[in-house]
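Take a look at the structure below.
The values are calculated or read from the model by the stated rules, or taken from the named source; none is laboratory data. From a predicted model like this one, the values you see are computed outputs, not experimental measurements. Neighbour counts are summed over all protein chains in view; Cβ atoms, including those assigned to glycine, are modelled from backbone coordinates with ideal geometry.
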Amino acid sequence: MKPAAILSLLLFTFVLAAAETPAPAADDFAFVFLRRPPNAPQLDAATAERVQEGHMANIRRLGGEGHLVAAGPFGDDTTLRGIFVYKTASKADADAWLSTDPAVKAGRLAGDAHFFRAPASTFAKIAADAPFVPEQYAMVVAPRSADARAVQHAIDDARAAGTLAFGTAFADGGGVLILTGGVDDAKPVAPALGAEVHPWLTQKGVLAR
């Protein structure tokens, strides 16, 4: 066989193999921002402790059932208190699971859900009895008015720089980037997106990067 024919055959085989490689399995998720309502009630110390314990127990329960795949608080004192990520494409499901949280029932938290698709392997399953080992990130929160191309460009840049732990645009506009490093390291990303940057904690290993 002539060299040119061999080269053509090899190229064809490579293209065929690439075409037959299945895309990574994807799942639907709901990203819920937990906010402090303006009329949040003040609780006495004992009640606040009981609500917080119930909040954490509910997180563990939903995680064990496979509904909640990521959660964590913000480390600054703003109305944005934390996030949940549920494995669902259904707003009804997300609202139902959110409504079981004792802090939501007590009026201390409210949530708004935003939907996205991502590889099924994005969030790692953590054993229910695993000790909590915190991992610090900076979360860039792009508003719904942010240009979708700018959000994707920021995600691509962070991935190329090796600082991206997670990033997505939301179906209803806006998106988030979760970056390694501190808030000051993430701030240069914010202006192009009109974004906020917050310190954020989660269980080590949840983001399967």
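Per the listing ASP76, ASP93, the residue uniquely farther than 15 Å from ARG35 by Cβ, among the charged types (D, E, K, R), over 14 Å from the mean Cα position of the chain (by Cα) and modelled with pLDDT of 95 or more is ASP93.
For beta carbons closer than 9 Å, sequence separation of 6+ or different chains, a first residue in region 116-129 that is in a strand (DSSP E or B) and at pLDDT 95 or above and a second that is polar (S, T, N, Q) and crowded, with 19+ Cβ neighbours inside 10 Å, the qualifying pairs are PHE116/THR168; ARG117/THR168; ALA118/THR168. What about PHE132, is it in contact with a strand residue (DSSP E or B) (Cβ under 9 Å, 6 or more places away or on another chain) and either among the polar types (S, T, N, Q) or part of a strand (DSSP E or B) (or both)? Taking the combined requirement at face value, the residue does not satisfy it. Select from region 195-209 the residues that are out of contact with any helix residue (DSSP H, G or I) (no Cβ under 9 Å at 6 or more places or on another chain) and in a loop (DSSP other than H, G, I, E, B) and write down the one among them that is surrounded by the most Cβ atoms within 10 Å (Cβ to Cβ). Applying the filter and picking the extreme gives VAL206.
Filtered by the rule that a residue be surrounded by 12 or more Cβ atoms within 10 Å (Cβ to Cβ) and modelled with pLDDT under 95, region 9-39 gives a lone residue, ALA26.
If you scan region 127-157, which residues turn out to be under 20 Å from GLY75 (Cβ atoms) and surrounded by 14 or more Cβ atoms within 10 Å (Cβ to Cβ)? Answer for region 127-157, where residues must be under 20 Å from GLY75 (Cβ atoms) and surrounded by 14 or more Cβ atoms within 10 Å (Cβ to Cβ): GLU135, GLN136, TYR137, ALA138, MET139, VAL140, VAL141, ALA142.
Scanning region 104-163 for residues that are within 18 Å of the chain's Cα centre (by Cα) and basic (Lys, Arg) turns up ARG117, LYS125, ARG144, ARG159.
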